[in-house]
Amino acid sequence: QVQLVESGGGLVQPGGSLRLSCAASGSTFSAYSMNWYRQAPGKQRELVATITSGLSTNYADFVKGRFTISRDNAKKTVYLQMNSLKPEDTAVYYCNGKRLVYSVWGQGTQVTVSS
């Protein structure tokens, strides 16, 4: 089973960009479907993007055309490139890996979009 550690969050102005990274430990990373979720204060956690073990991707409507999920299995890392950021993108972003009955979460990284 993998363990996940996110990085790359921070403060950015509206219209700016950030790239989040999620580094995994463990030998079965490539078999995991990887997801990015986010949770804003007072709101439920929501799915942002998914990349499967077969490299298929899917995005929530609210990030389509702005965010890109990718993975590097050799580095055991999944990325979320976030462009054209909006204040409503402010949230804690969580990396999640799913495989069979296993679901693993990272600790989260804060993204704040503000001028």
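Residue-wise test of (1) of a type in the set (D, E, K, R); (2) within 14 Å of the chain's Cα centre (by Cα); (3) open to solvent by 70 Å² or more (accessible area, probe 1.4 Å).
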position: LEU11; (1), (2), (3): no, no, yes
position: LEU47; (1), (2), (3): no, yes, yes
position: LEU80; (1), (2), (3): no, yes, no
position: ASP89; (1), (2), (3): yes, yes, no
position: VAL101; (1), (2), (3): no, no, yes
position: GLY108; (1), (2), (3): no, yes, no
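Could you go through the range 22-33 and let me know if any residue there is polar (S, T, N, Q), touching a residue at least 60 places away in the same chain (Cβ under 8 Å) and farther than 17 Å from VAL113 by Cβ.
Looking through the range 22-33, at least one residue is polar (S, T, N, Q), touching a residue at least 60 places away in the same chain (Cβ under 8 Å) and farther than 17 Å from VAL113 by Cβ.
If you check SER84 against the conditions, is it over 20 Å from GLN13 (Cβ atoms) and among the polar types (S, T, N, Q)?
no
Is it the case that LEU18 is more than 14 Å from the chain's Cα centre (by Cα) and not small (Gly, Ala, Ser)?
no
Residue by residue through the range 49-58, note down the ones that are out of contact with any helix residue (DSSP H, G or I) (no Cβ under 7 Å at 6 or more places or on another chain) and open to solvent by 50 Å² or more (accessible area, probe 1.4 Å).
Hits for the range 49-58 are GLY54, LEU55, SER56, THR57, ASN58.
Hey, can you tell me all the residues within the range 32-43 that are open to solvent by 20 Å² or more (accessible area, probe 1.4 Å) and within 17 Å of GLY106 (Cα to Cα)?
SER33, TYR37, GLN39, ALA40 - these are the residues of the range 32-43 that are open to solvent by 20 Å² or more (accessible area, probe 1.4 Å) and within 17 Å of GLY106 (Cα to Cα).
Does VAL2 qualify as being modelled with pLDDT of 95 or more and of a type in the set (A, V, I, L, M)?
For VAL2, the condition - modelled with pLDDT of 95 or more and of a type in the set (A, V, I, L, M) - is not met.
The values are calculated or read from the model by the stated rules, or taken from the named source; none is laboratory data. Since the structure is predicted, the reported quantities are computational estimates derived from the model, not experimental observations. All Cβ positions, even for glycine, are placed from backbone atoms using ideal geometry, and neighbour counts span all protein chains on display. When the accessible area is computed, the model is the full protein with side chains, heavy atoms only, and any ligands, DNA or RNA have been set aside. Shrake-Rupley method; radii C 1.70, N 1.55, O 1.52, S 1.80 Å.
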